[in-house]
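Novice: Dumping the structure here so I can ask a few things about it.
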Amino acid sequence: MAANTKAYLEINEQLQSQQVTLVAVSKTKPVSDILELYDLGQRDFGENYVQELAEKQLLLPNDIRWHFIGHLQSNKVKYIAPFVHLIHGVDSYKLLLEIDRQAKKFDRTIHCLLQVHVAQEETKFGFNEMELMAAMEDIHKYKLLNQLQNIQIAGLMGMASLTADTEQVTKEFAYLKMLFDHFTAQPGNDQFRILSMGMSSDYQLAIAEGSTLVRIGSLLFGSRQ
Ligand SMILES: *Cc1c(COP(=O)(O)O)cnc(C)c1O
């Protein structure tokens, strides 16, 4: 196995010129593949599974920024809390409380994205619009009460439907961007600036709709089992 360094260099150049952050999604891939891109300058890597991430983190350079992009269970937060850079898929208040609690233990602030459900599939996690609005209001209230001091809501994350219908995918990304703009426009939300949307199959569409961060796996590392 090996990373596709040619694809990496091309994609990275495009994204840099557009000021979009590239997270290289390395789930199921060996550390040697990660090091290939690391040696070319890549520092943001994404993983989906807690145990796999914790193991790789021990073996790899400390200046890697690890993004947790999978579905995180509250009882596993403690394994990644000491080092994780950004948790993308936060979709419950309970999880947020646990991230805050663990972050406090390690005297850190952990940046989180709230996941929004925009796809047609039932299986994708995330808040709907009403839940998202309510969660943002609640978080704001708790912050005013000096709670949740060890988390920072840094933006939104979403996954579009798995479909060849580009109009549908574009519509879903545009909807996410609209929600994102709603919050960035509010005073006091200057930490809210990351819109994580777009994967190998749809990142060009996502960028066209205003993505600030794309999560790309198979184009860089080949397909997975
Ligand atoms: C696996 C995964 C990706 C990367 O998918 P590719 O299609 O391989 O680019 C991006 N985001 C999430 C949430 C993932 O689980």
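Novice: Using a Cα distance threshold of under 20 Å, what count of lysine pairs results for the chain when pairs must be 8 or more residues apart or interchain?
Specialist: Lysine pair count for the chain: 26.
Novice: So what is the relative contact order for the chain, in percent, with contacts set as C-alpha pairs under 8 Å and at least six apart?
Specialist: Numbers: 395 pairs, mean separation 46.4, N = 225.
Reported relative contact order: 21 percent.
Novice: If you roll a 1.4 Å probe over region 5-221 with all protein chains in place, what percent of the accessible area is carbon or sulfur? Before the final figure, lay out each step's value.
Specialist: On the way: 5420 of 10500 Å².
Here carbon and sulfur together make up 52 percent of the probe-accessible area.
Novice: So, for the chain, what is the accessible surface per residue at a probe of 1.4 Å, expressed in square angstrom? Could the numbers behind the result be given before it?
Specialist: Numbers: 11260 Å² over 225 residues.
Ligands and nucleic acids excluded, the result is 50 Å² per residue.
Novice: Assign unit charges at the C-beta atoms only (+1 for Lys and Arg, -1 for Asp and Glu), then state the dipole size of the chain relative to its Cα centre in Debye, rounded to the nearest 20. Before the final figure, lay out each step's value.
Specialist: Values: 21 positive and 27 negative charges, 150 e Å.
So the dipole magnitude of the chain works out to roughly 720 debye.
Novice: Which order do 173, 106 take by accessible area at a 1.4 Å probe, largest first? Show your work: numbers first, answer last.
Specialist: Details: 173 0, 106 90 Å².
Largest accessible area first, the list is 106, 173.
Novice: Any idea how far apart residue 18 and residue 184 come out in nm if each label point goes 7 Å out from Cα toward Cβ?
Specialist: Using points 7 Å along Cα→Cβ, the separation is 1.4 nm.
Novice: Work out the charge dipole of region 5-221 with +1 on the Cβ of Lys and Arg and -1 on the Cβ of Asp and Glu about the Cα centre, then indicate which of 152, 8, 170 is farthest towards its positive end.
Specialist: Sorting the options by dipole projection puts first 152.
Novice: Still on this structure, please answer the following. For region 52-65, take each phi angle, set θ = phi - 60°, evaluate the Karplus expression 6.51 cos²θ - 1.76 cosθ + 1.60, and give the result in whole Hz per residue in order, putting x for glycine and proline.
Specialist: Here the 3J(HN,Hα) series is 4, 5, 4, 5, 5, 4, 5, 8, 10, x, 6, 8, 6, 9 Hz.
Novice: If DNA, RNA and ligands are ignored and the probe is 1.4 Å, what is the ranking of 104, 56 by accessible area, most exposed first? Walk me through the numbers on the way to the answer.
Specialist: Working: 104 115, 56 15 Å².
Ranked list, largest accessible area first: 104, 56.
Novice: Next question. Of the options 130, 211, 37, report the single residue whose Cα projects farthest towards the positive end of the charge dipole of the chain (beta-carbon charges: Lys, Arg +1; Asp, Glu -1).
Specialist: 37
The values are calculated or read from the model by the stated rules, or taken from the named source; none is laboratory data. Because the structure is a prediction, the values reported are computed rather than measured. Cβ coordinates were reconstructed from backbone atoms using ideal geometry, including for glycine residues, and neighbour counts include every protein chain displayed. What goes into the accessible areas is simple: the full protein's heavy atoms, side chains included, and nothing from ligands, DNA or RNA. Shrake-Rupley method; radii C 1.70, N 1.55, O 1.52, S 1.80 Å.
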